[in-house]
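**Q** One structure follows; several queries about it will come next.
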Amino acid sequence: MIRDSVRSFAKDKILPYARDWDRAGAFPRDLLKEMGKLGFLGVPVPEEYGGAGLDYIAEAIVFEEVGYADSSVRTTLSVQMSLVELTILRYAPEELKKAYLPKLCSGEWIGCFGLTEPAAGSDPGGMKTRPTRTEGGYVLNGSKMWIS
């Protein structure tokens, strides 16, 4: 069922416009809100946080079907769900889960991920960016480039 829903959406709402988005260097922000309404942005996130509460197979099916229509949109979904939402789900305190996940799953917010550094590339072992615990929380120092 999820495959059919995503395939139909990708065929109608992504595939006809992907080339134009690429040529214009534009990203269809409103598309994410549409996908959020359909549950495609929070596939593996529990319903209590605004997600669909499905498994990783369903997440992979969403990636596969959207990727058929446009790899850029698929990459955005992958970062949003796998790198942002699931990291928050696993490591954040409950109040941050409740504050962030519903907005990410709905498409109201777009998450991002910063790994690449000028001197380390995409090698996490060579990263120079470091958090320092302070009295009020943390200070994060370093440089990132090519944020996904």
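**Q** Could you go through segment 14-26 and let me know if any residue there is farther than 28 Å from W146 by Cβ and surrounded by 15 or more Cβ atoms within 10 Å (Cβ to Cβ).
**A** Within segment 14-26, not a single residue is farther than 28 Å from W146 by Cβ and surrounded by 15 or more Cβ atoms within 10 Å (Cβ to Cβ).
**Q** Next question, about the same structure. For L83, are the conditions met, namely being touching a residue at least 12 places away in the same chain (Cβ under 8 Å) and either assigned to a helix (DSSP H, G or I) or over 26 Å from S8 (Cβ atoms) (or both)?
**A** When the stated conditions are applied, L83 passes them.
**Q** Of all residues in segment 113-133, which are hydrophobic (A, V, I, L, M, F, W, C) and surrounded by 15 or more Cβ atoms within 10 Å (Cβ to Cβ)?
**A** If the condition is that a residue be hydrophobic (A, V, I, L, M, F, W, C) and surrounded by 15 or more Cβ atoms within 10 Å (Cβ to Cβ), then F113, L115, A120, M127 are the ones that fit.
**Q** Which one is nearest to S72 (Cα to Cα) among residues in segment 1-31 that are of a type in the set (A, V, I, L, M) and modelled with pLDDT under 95?
**A** Just the residues of segment 1-31 that are of a type in the set (A, V, I, L, M), to begin with: 1-2, 6, 10, 14-15, 18, 24, 26, 31.
Okay, now just the ones that are also modelled with pLDDT under 95, so 1-2, 26.
On the way: M1: 24, I2: 20, A26: 11 Å.
Restricting to residues being of a type in the set (A, V, I, L, M) and modelled with pLDDT under 95, the top hit is A26.
**Q** So, one more: Please go through segment 8-38 and pick out each residue that is within 17 Å of A52 (Cα to Cα) and more than 16 Å from the chain's Cα centre (by Cα). Talk me through it step by step, then tell me what you get.
**A** The initial filter retains those residues of segment 8-38 that are within 17 Å of A52 (Cα to Cα), namely 9, 32-38.
Answer for segment 8-38, where residues must be within 17 Å of A52 (Cα to Cα) and more than 16 Å from the chain's Cα centre (by Cα): just F9.
**Q** Continuing with this model, one more query. Starting from segment 40-56, take each residue that is assigned to a loop (DSSP other than H, G, I, E, B) and list its partners that are aliphatic (A, V, I, L, M) and buried (at least 22 other Cβ atoms within 10 Å of the Cβ), counting only C-beta distances under 6 angstrom and pairs at least six apart or across chains.
**A** Correct list of pairs: F40/V62; L41/M35; V43/V62; V45/L101; G50/L101; G51/V45; A52/V43; L54/V43.
**Q** Now for a separate question. Specify which of the listed residues (I147, I110) is in a loop (DSSP other than H, G, I, E, B), in contact with a helix residue (DSSP H, G or I) (Cβ under 8 Å, 6 or more places away or on another chain) and surrounded by fewer than 17 Cβ atoms within 10 Å (Cβ to Cβ).
**A** When all the criteria are applied, what remains is I110.
The values are calculated or read from the model by the stated rules, or taken from the named source; none is laboratory data. None of the values given here were measured: they were computed from a predicted structure. Heads up, the Cβs are rebuilt from the backbone with ideal geometry, glycines too, and the neighbour counts pull from every protein chain shown.
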